[in-house]
Each structure stands twice: as structure tokens, then as C-alpha cells.
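Everything on this sheet refers to the single structure shown next.
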Amino acid sequence: MSVLQQHGGTRVLQLFCSYAREDREGVRALLDGVRHLRHQVWVDERLSGGQAWWDEILAQLRGCDAMLIAISPALLESQASALERQYGNRVGKPLLPVIIRPVLAELLPPDLAPLQCIDYTQPGPNAAFELAGALYALPPTAPLPDPLPDP
């Protein structure tokens with residue numbers, strides 16, 4: 001069952017944010033914007049490494065409604081983000097790519113290249129409306145596959 005909730009007649013999404021560690025400060029504007037829209041965002045900023053860390057990430061991916069991908073040059077090099085996206089795809093989570101630092105479209109990996117990206121490199125009213133519209137348009141979360149894919 002999805003963690004989708006109702007809040008004043010609108011959908012409240014539980015989102016998983018995948019980002020590169022180098023972008024920790026830059027991703028804050030994106031997270032603040034999403035939270036102002038009353039969505040919940042899980043970020044792994046408080047976890048340490050190791051197996052317990054990966055198990056928590058997998059649990060959060062299984063429980064989210066969609067993955068928010070904070071795209072930057074550093075994210076394109078992040079093996080951890082690639083693994084998160086791979087598992088998210090395998091459990092049927094929609095991806096919402098949001099560009100937080102400029103990147104060349106031809107450098108996007110195959111799982112992100114065909115998707116419509118939200119430009120959030122200059123947060124402001126237009127970027128906020130585009131992000132809000134994209135979040136509103138996300139499809140409902142499908143049931144998890146049974147059996148679950150290998151982590």
C-alpha cells in the first residue's frame with residue numbers, strides 16, 4: 001500500500017530524493033520547495049555507510065511514491081545514485097528528474113535521458129510551478145512486485 005495521504009483534498013507524496021553528496025547544500029532549495037508543497041521527502045543525510053545504511057535506503061525506496069532525482073554533474077558520476085535508481089526502477093517507482101546544476105542533455109544516463117526534466121537551476125516562481133505540476137502529474141504508485149527483486 002502506498003504511503004499516499006490526503007491533505008486538504010490534495011495528494012501528499014512520500015518522495016525519495018537521490019542526490020550526489022557534493023550537492024548537499026545545493027539540493028536544500030529543491031527540498032525546501034517540495035516540502036512547501038506539503039510533500040514528504042526522505043533524504044539519506046543522517047545515515048552512515050555499511051549494510052544497515054543500504055537496507056534503510058532499500059526500505060525507503062520500497063515505501064516511497066516516487067523518486068526525486070537531483071541532477072547535477074556530480075550525480076552523473078555517483079555510483080550510489082545509479083544503484084538507487086536501478087532498484088527504484090525494479091520496484092516500479094516513477095522517476096522525477098530535477099536539474100539542480102546545469103548538465104548537457106547528451107550526458108544523461110539511459111534511464112534519465114528519455115524523461116522530461118524540471119529545470120530547478122534557478123529556483124523561483126516558474127521553476128516552482130513547473131515542479132508542482134510535475135509532482136501533481138505523477139502516476140499513482142503501483143503495488144510492489146512479488147517477489148521483490150534482489151537488492
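The values are calculated or read from the model by the stated rules, or taken from the named source; none is laboratory data. A quick note: this is a predicted structure, and the numbers were derived from the prediction, not measured. Because the Cβ atoms are built from the backbone with ideal geometry, glycine has one as well, and the counts that use them run over all protein chains shown. For accessibility, only protein heavy atoms count, side chains too; no ligands or nucleic acids. Shrake-Rupley method; radii C 1.70, N 1.55, O 1.52, S 1.80 Å.
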Restricting attention to the stretch 123-151, and to residues there that are of a type in the set (D, E, K, R) and over 15 Å from K93 (Cα atoms), which single residue is modelled with the highest pLDDT? E130
Are any of the residues in the stretch 123-131 within 23 Å of I57 (Cβ to Cβ) and either surrounded by fewer than 16 Cβ atoms within 10 Å (Cβ to Cβ) or not hydrophobic (A, V, I, L, M, F, W, C) (or both)? no
Determine, yes or no, whether D150 is farther than 25 Å from D32 by Cα and loosely packed, with under 14 Cβ neighbours inside 10 Å. yes
Strands (runs of 3 or more DSSP E) fully within the stretch 28-110 counting 2 or more residues that are open to solvent by 10 Å² or more (accessible area, probe 1.4 Å) and modelled with pLDDT of 95 or more: 40-42, 95-99
Pull out all pairs, ordered by first then second residue, where Cβ-Cβ is under 6 Å, the residues are six or more apart or on different chains, the first lies in the stretch 129-151 and is closer than 18 Å to D55 by Cβ, and the second is in a loop (DSSP other than H, G, I, E, B). L144/V91
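Residue under question is L115, and the condition is that it be open to solvent by less than 70 Å² (accessible area, probe 1.4 Å) and of a type outside the set (S, T, N, Q); does it hold?
The answer is yes for L115.
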